Amino acid sequence: MEDNKTKLIESRLGPREVRLDRLIRFPRGIIGFENLKEFTLLEIRSGAPLLVLQSVESPTLGLLVADPFAFVPGYSLNISDEEQELLQATSAEDLAVLVTASIPPGEPEKTALNLLGPIVINHRSRLGVQSPQPEGSRPAQFLVHMP
């Protein structure tokens, strides 16, 4: 039931009720979807290593995302001063990092993480940015062995 603290949205996973205090605003949007600003994170299933970064404004846009630190030893990224200001980040502990994942149809063993376009979210301010990393600074993709 929708009230002033939740919102019913359509998502790639079907209808979902989301808490308004869990929405994430992307002031610049996400690369390729700059006009979409409000997203939420949805669990595919409890304990799954992948989540869906779901647009609240467009039910067809839901990106598979994962925590790169859980898969890539030594993963690091550079966040510009402008991005830190946009995120209203005062501490690294306020930030969560996600990367998009792609799974070829019928080939989960070829799941790949995009390491060059991390998404950084300040979980306190509920603000997010996509922070493109310089090519050559790390491998562009990392193949993941999904259980």
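Some observations on this one:
- Close pairs (9 angstrom Cβ cut-off, 6 or more residues apart or separate chains): on the phi > 0 side of the Ramachandran plot in region 27-56, surrounded by 16 or more Cβ atoms within 10 Å (Cβ to Cβ) anywhere: G29/K37; G29/Q130
- Those strands (runs of 3 or more DSSP E) lying entirely in region 32-136 with at least 1 residues charged (D, E, K, R) and closer than 21 Å to R19 by Cβ: 38-43
- Residue check for R16: over 17 Å from the mean Cα position of the chain (by Cα) and either at pLDDT 90 or above or not aromatic (F, W, Y) (or both): yes
Residue-by-condition table, conditions (1) closer than 18 Å to N114 by Cβ; (2) among the basic types (K, R):
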site	(1), (2)
E17	no, no
L23	no, no
F33	yes, no
K37	no, yes
L63	yes, no
D81	no, no
T90	no, no
D94	no, no
V99	yes, no
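- Hits in region 84-110 - residues which are more than 16 Å from the chain's Cα centre (by Cα) and either under 18 Å from L50 (Cα atoms) or surrounded by 13 or more Cβ atoms within 10 Å (Cβ to Cβ) (or both): Q84, L86, A89, P104, P105, G106, E107, P108, E109, K110
- Test: E38 is under 13 Å from the mean Cα position of the chain (by Cα), within 24 Å of P132 (Cβ to Cβ) and of a type outside the set (V, I, T): yes
The values are calculated or read from the model by the stated rules, or taken from the named source; none is laboratory data. Bear in mind that the values here come from a model prediction, so they are computed numbers and not experimental data. Positions of Cβ are backbone-derived with ideal geometry, glycine not excepted, and every protein chain shown enters the neighbour counts.
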